[in-house]
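Working notes for the structure below.
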Amino acid sequence: MGIIVKPLVTEKANIVTEKKATRFSFVVLKTASKDDIKKEVEELYNVSVVKVNTLIAPAKRKSRYTKAGLVKGAKASYKKAIVTLAEGQSIDFYSNIK
């Protein structure tokens with residue numbers, strides 16, 4: 001797994017998957033192109049990719065109150081790829097869990 005960092009399994013990503021069962025989300029390297037992502041998904045999961053959409057999620061400022069006072073920081077930005085598979089194909093992220 002060079003280009004794909006991890007599958008994105010969040011509540012919002014699951015809502016998209018429920019509406020269109022052939023769409024899946026991944027966190028990828030910022031330098032990855034759509035062609036690279038398509039090849040990587042096809043090799044890893046043995047599926048045919050129809051379309052790849054990408055976006056860069058911006059960094060978010062975070063702060064919290066602690067015993068030592070106010071602590072400020074930031075959540076890093078990342079690149080997200082939404083992959084549309086051919087009709088009738090799907091990816092099972094939970095098949096390796098025992």
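The values are calculated or read from the model by the stated rules, or taken from the named source; none is laboratory data. From a predicted model like this one, the values you see are computed outputs, not experimental measurements. As a convention, Cβ positions derive from the backbone with ideal geometry for all residues, glycine included, and neighbour counts pool all protein chains shown. Quick note on the areas: whole protein, heavy atoms, side chains included, nothing else; ligands and nucleic acids left out. Shrake-Rupley method; radii C 1.70, N 1.55, O 1.52, S 1.80 Å.
With N set to the residue count of segment 1-90, report its C-alpha Rg divided by 2.2 N^0.38 Å to two decimal places. Intermediate values should be presented prior to the final figure.
Working: Rg = 16.2 Å, N = 90, 2.2 N^0.38 = 12.2 Å.
Against the compact-globule rule of thumb, the ratio is 1.33.
At what distance in nm do the modelled label points of residue 57 and residue 33 sit from each other, each positioned 7 Å from its Cα along Cα→Cβ?
A separation of 2.6 nm, rounded to one decimal place.
Per residue, how much accessible surface does the chain expose to a 1.4 Å probe? Answer in Å², no decimals.
Using a 1.4 Å probe on heavy atoms only, each residue of the chain averages 74 Å².
Take the solvent-accessible surface of the protein heavy atoms, probe 1.4 Å, and return the percent of it on segment 12-61 that carbon and sulfur atoms account for.
51 percent
How would 94, 65, 45 line up by accessible area, probe 1.4 Å, largest first?
On the way: 94 130, 65 195, 45 65 Å².
Final ranking, largest accessible area leading: 65, 94, 45.
Measuring from label point to label point, each 7 Å out along Cα→Cβ, what is the residue 10 to residue 75 span in nm?
0.6 nm
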